[in-house]
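Following: one structure in structure tokens, then a few remarks.
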Amino acid sequence: MSSIRVFLVAALLSSITLVIFVASLRGYQRSMDELQALFDEQLLQKTGLLERYVRVQYAAGAVREDEIIAFPAGGKTSLLYQVWRDIDGRSVLRSAGTPETALLQSEAGFQEINFRGYHWRALVTQDAATGLWLLLAERDDLRYKIADRVVIAVLAPIVLGLPVLALIIWWVVSRGLRPISRLATELESREAGDLAAIELREVPRELEVLANSANELLRRLEASFQREKRFTADAAHELRTPIAAIRVHLQNLLNDPEDSGHSLQKLGEGIDRLSHLVEQTLVLNRIAPDQYMANFVPLDLYAIAQHVIADLYPQVEEKQQQIQLEGDAAEIRADRFGLEMLVLNLVSNAIKYTPPCGKIDVAVYRIGDRVYLEVMDSGPGIPANQYQRVFERFYRVGGDRHNSGVTGCGLGLSIVQRIVALHGAEIELGPSRYASGLKVTVIFPRNVRPG
């Protein structure tokens with residue numbers, strides 16, 4: 001569709017023209033029926049006049065049963081008539097050019113005949129006083145000419161008025177589309193970085209949906225740009241520390257190659273931290289609401305927790321920790337990648353921050369129409385006044401180095417919170433049932449609605 005205005009004008013004008021055509025056709029048919037009835041009524045009256053004329057002639061002796069008298073018709077060629085006796089069917093009175101024998105059978109009523117290259121509408125009657133049969137006929141083509149002139153006189157103003165109607169429709173449609181033009185002009189005149197909401201002044205109801213959708217899109221773009229700005233700034237800040245540490249340890253190696261053990265160990269830790277930061281950064285960026293295309297399918301949360309624990313079990317063995325999984329199958333609608341990353345971050349955090357020989361409990365259970373995932377450890381825990389802050393990107397309790405001595409990048413719980421929001425779930429932090437530690441509970445609605 002190249003132009004809404006052209007489409008609307010063409011559609012409206014075509015529809016109106018079609019309605020006028022159908023109505024005119026129907027009116028023409030009804031008019032023709034009424035005109036035919038009127039013409040038949042006139043033909044009946046004319047036949048009555050002919051009948052009285054024949055009676056007068058018969059009474060005066062001008063018409064006798066034993067004599068044929070032919071009168072030349074000096075009348076119009078649009079009419080023809082015949083008068084004949086029923087005995088032999090020979091005319092006693094007729095129009096000029098008509099045959100002496102009757103054109104039709106002696107049968108009263110309206111009939112159709114073809115004569116001298118024309119189609120005629122005829123009326124046959126019998127005079128009760130004289131016993132003579134009378135035929136009076138009119139040419140059909142002359143009847144239709146009269147009817148056509150009547151119909152054309154009615155339709156001509158309508159047809160001639162169509163261009164005027166098209167101009168009126170064009171003006172009305174243009175006026176109706178003016179708010180769209182204003183909206184387009186406002187959007188075109190904006191600078192590339194201007195994402196402010198569109199001011200809705202005198203906007204028709206039909207256009208409010210479009211304007212609100214555009215404002216929502218602008219709001220999301222603004223939020224996305226701001227998020228990207230913060231993310232870029234935070235990532236640059238966080239990458240600076242491990243890169244600086246790696247540079248220092250490399251310099252130490254260059255200055256004292258013989259004492260390389262400690263420097264190599266620190267260099268490896270720095271590289272591991274940098275690698276973890278990059279991986280977590282990529283995951284966080286991948287699950288951004290404006291980029292992540294979630295594919296929600298039925299998944300067994302218990303089976304996914306089993307799979308994640310099995311993958312992380314070598315870390316558990318290395319620290320001689322105890323980990324157990326309780327519960328049974330619990331199906332929810334979720335995105336596989338997102339759900340696996342959520343469980344992986346929670347269990348991985350529990351393993352990292354739980355000291356050697358510590359305990360980690362993972363549970364999956366259902367209460368009513370909600371499914372619960374619970375991860376609890378015996379690590380150092382998090383103060384209650386820090387529960388909300390730990391979801392901020394790159395935030396770590398106690399700064400860059402946690403009290404546990406474990407290095408991290410502060411993105412794990414941010415990733416978890418974003419996945420929770422995408423699944424329309426809830427997350428709660430609380431104290432562990434052990435002497436110390438943290439309990440994280442994620443509550444999924446059974447029928448997940450993407451957030």
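The values are calculated or read from the model by the stated rules, or taken from the named source; none is laboratory data. Just so it is clear, the structure is predicted and the values come from calculations on it, not from any experiment. Using ideal geometry, Cβ is built from the backbone for each residue, glycine included, and neighbour counts are taken over all protein chains shown. Ligands, DNA and RNA are excluded from the accessible area calculation, which covers all protein heavy atoms including side chains. Shrake-Rupley method; radii C 1.70, N 1.55, O 1.52, S 1.80 Å.
If you filter the range 336-376 down to residues that are assigned to a strand (DSSP E or B) and open to solvent by less than 10 Å² (accessible area, probe 1.4 Å), you find that the one that is farthest from T441 (Cα to Cα) is I360.
Of the residues contained in the range 62-69, none is found to be at pLDDT below 85, in a helix (DSSP H, G or I), surrounded by 13 or more Cβ atoms within 10 Å (Cβ to Cβ) and more than 60 Å from the chain's Cα centre (by Cα).
Scanning the range 293-325 for residues that are in contact with a Pro (Cβ under 8 Å, 6 or more places away or on another chain) and open to solvent by 70 Å² or more (accessible area, probe 1.4 Å) turns up just one, Q320.
Any residue in the range 166-186 that is assigned to a loop (DSSP other than H, G, I, E, B) and either touching a residue at least 24 places away in the same chain (Cβ under 8 Å) or out of contact with any Phe, Trp or Tyr (no Cβ under 8 Å at 6 or more places or on another chain) (or both)? Within the range 166-186, one or more residues are assigned to a loop (DSSP other than H, G, I, E, B) and either touching a residue at least 24 places away in the same chain (Cβ under 8 Å) or out of contact with any Phe, Trp or Tyr (no Cβ under 8 Å at 6 or more places or on another chain) (or both). Scanning the range 142-158 for residues that are among the charged types (D, E, K, R) and surrounded by 12 or more Cβ atoms within 10 Å (Cβ to Cβ) yields R143, D148. Taking the criterion of being touching a residue at least 24 places away in the same chain (Cβ under 8 Å), open to solvent by 50 Å² or more (accessible area, probe 1.4 Å) and over 17 Å from L44 (Cα atoms), the only residue of the range 107-141 that qualifies is A129. Look at (1) modelled with pLDDT of 65 or more; (2) over 25 Å from Q324 (Cα atoms) and you find that G368 fails only one, number (2). Note on the range 326-335: residues that are open to solvent by less than 80 Å² (accessible area, probe 1.4 Å) and within 22 Å of N295 (Cβ to Cβ) amount to 5.
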